[in-house]
Amino acid sequence: MPQKPKLKVLLCSPRGFCAGVVRAIDSVERALEIYGPPVYVRHEIVHNRFVVESLRAKGAVFVEELSEIPATDAPVIFSAHGVAKSVPDDAAKRNLFVLDATCPLVTKVHREAEIHFRRGREIVLVGHAGHPEVVGTMGQLPPGAVTLVETLADAERFVPKNAEQLAYVTQTTLSVDDTSQIVECLKRRFPAIVGPHKEDICYATTNRQDAVKRAAPKVEAMIVVGAPNSSNSQRLKEVAERAGCKCAVLIQGAAEIDWSKFGSISSLGITAGASAPEVLVEQIIAAFAERYDVSVDTVSAAEEAVFFPLPRALREHQAAE
Ligand code: SF4
């Protein structure tokens, strides 16, 4: 048998699940255990098909809007991305039993926006149009209170009503570098603008991008495991490209590997977005091991020990058991 070519795999650490995703998935699993199926989930609980399908198989029913849910006593879980205020309001009108799995770091941004609004400030949200987190954050306040800025060009063009009464917040899953450029532009143009000490980009997004920045210059290709609608996964691919990796691909699992892209490489970086389970990384390494003589090393950017407790109703149920 011909010898397999050698391939050095550099695993980025940290990668994959963050504390907010673990909490969201655990919330659905725990609700299924306590209340039994069906458990309704508004929007994909996290942006990962593998996770969604495995929860669906256990009895979770995914909907995009509350209007798709019949009159029921079953729990309705809001996804990690957060929701506009109108959603819990509608749920309350319908007497739905809500469990809110919004990541606490997203909720923190909601509260920041509310405080700025109460203090009479016009708010700039740095983020991507249409992402559920952005829809949720903008939906904390009345229409017109928040202006979305997606790019540096948007920041250059933005005309506030009053430059002395201005604040900014950011989506949690952006590119750290792009966001700091946009924030710098806003600060230069509007020196009185107020915002968080650091951008609202969460620890998990920051750490995963740092690890990719360290690994990308050392490898010929980089695989990011994640869904196309996962903002933080898309950003990891961009970070790898900018850090000098000529071939960065975002795939959902081993079945999507385009082998024509990896023919003669001898080094490969692998990372995973915050909503991608580790089993998908393991399957990708196994697929490479069938064709290459693989050795695995780790590039570490940070140790993570963040944990978020489950929503209160699930916690209380646990305590009562
Ligand atoms: S990526 Fe960050 S904000 Fe999003 S769920 Fe994870 S910890 Fe929370």
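The values are calculated or read from the model by the stated rules, or taken from the named source; none is laboratory data. Quick caveat, the model's predicted, so the values are computed rather than measured. Backbone-built Cβ (ideal geometry, glycine too); neighbour counts: all protein chains shown. SASA here: full protein model, heavy atoms, side chains in, ligands and nucleic acids out. Shrake-Rupley method; radii C 1.70, N 1.55, O 1.52, S 1.80 Å.
Remark on Val41: its backbone amide H falls under 5 Å from those of Val61, Phe62, Val63, Ile77, a criterion applied only to residues 5 or more positions apart or on other chains, H modelled at 1.01 Å from N. The slack between Arg56 and Arg111, meaning 0.36 nm per residue of separation minus the straight C-alpha distance, is 16.6 nm. Between the residues Ser86, Ala274, Gly59, the greatest Cα displacement towards the positive end of the dipole of the chain, with unit charges on the Cβ of Lys, Arg, Asp and Glu, is found for Ala274. For a modelled paramagnetic label at Val194, 7 Å from Cα along Cα-to-Cβ, the residues of the range 106-122 in reach, with backbone nitrogen under 13 Å, are 112-122. Taken along its principal axes, the alpha carbon cloud of the range 1-146 reaches lengths of 70, 40, 21 Å, longest axis first. Note on Asp89 and Thr151: with the Förster distance fixed at 30 Å, the Cβ-Cβ geometry gives a FRET efficiency of about 0.40.
For the range 216-321, chymotrypsin sites (Phe, Trp or Tyr not before Pro) meeting the loop criterion (DSSP other than H, G, I, E, B) and having at most 12 other Cβ atoms within 10 Å: Phe307.
Counting residues in the range 165-216 as N, plug N into 2.2 N^0.38 Å and put the Cα Rg over that result. Don't skip to the end; give the middle numbers.
On the way: Rg = 12.3 Å, N = 52, 2.2 N^0.38 = 9.9 Å.
Compactness ratio reported: 1.25.
Per residue, the range 201-262 exposes 38 Å² of solvent-accessible protein surface, assessed with a 1.4 angstrom probe and all protein chains in place.
Would you work out the relative contact order for the chain, in percent, from Cα pairs under 8 angstrom that are 6 or more residues apart? Please report the intermediate quantities before stating the final value.
On the way: 617 pairs, mean separation 83.7, N = 321.
Contact order relative to length: 26 percent.
Distance between the pseudo-spin-label points of Ser67 and Glu304 (7 Å out from Cα toward the beta carbon): 3.6 nm. Inter-part distance, the range 63-132 to the range 273-314, computed on C-alpha centroids, equals 28 Å. Ignoring lysines fewer than eight residues from Lys108 along the same chain, the ones with Cα atoms less than 24 angstrom from its Cα are Lys85, Lys187, Lys198.
Springs join every pair of Cα atoms under 10 Å in this Gaussian network model of the chain, and among Ala221, Ala289, Ala113 the largest mean-square fluctuation is at Ala289.
Relative to the present Cα-Cα distance, how much length would full extension add between Ser264 and Tyr203 at 0.36 nm per residue of separation? Kindly include the intermediate steps, with their values, before the conclusion.
On the way: separation 61, 0.36 × 61 = 21.96 nm, distance 3.53 nm.
Length difference between fully extended and current span is 18.4 nm.
Over all pairs of different C-alpha atoms, the chain has a mean inverse distance whose reciprocal, the Kirkwood radius, equals 21.0 Å. Between the amide H of Val294 and those of Leu7, distances stay under 5 Å, these residues lying 5 or more places away or on another chain, with hydrogens modeled in the peptide plane. Of the GluC sites (Glu not before Pro) found in the range 268-309, the ones in coil according to DSSP and having at most 10 other Cβ atoms within 10 Å of their Cβ are Glu303.
Remark: spin-label model distance Glu164-Glu241 equals 4.4 nm, labels positioned 7 Å along the Cα→Cβ axis.
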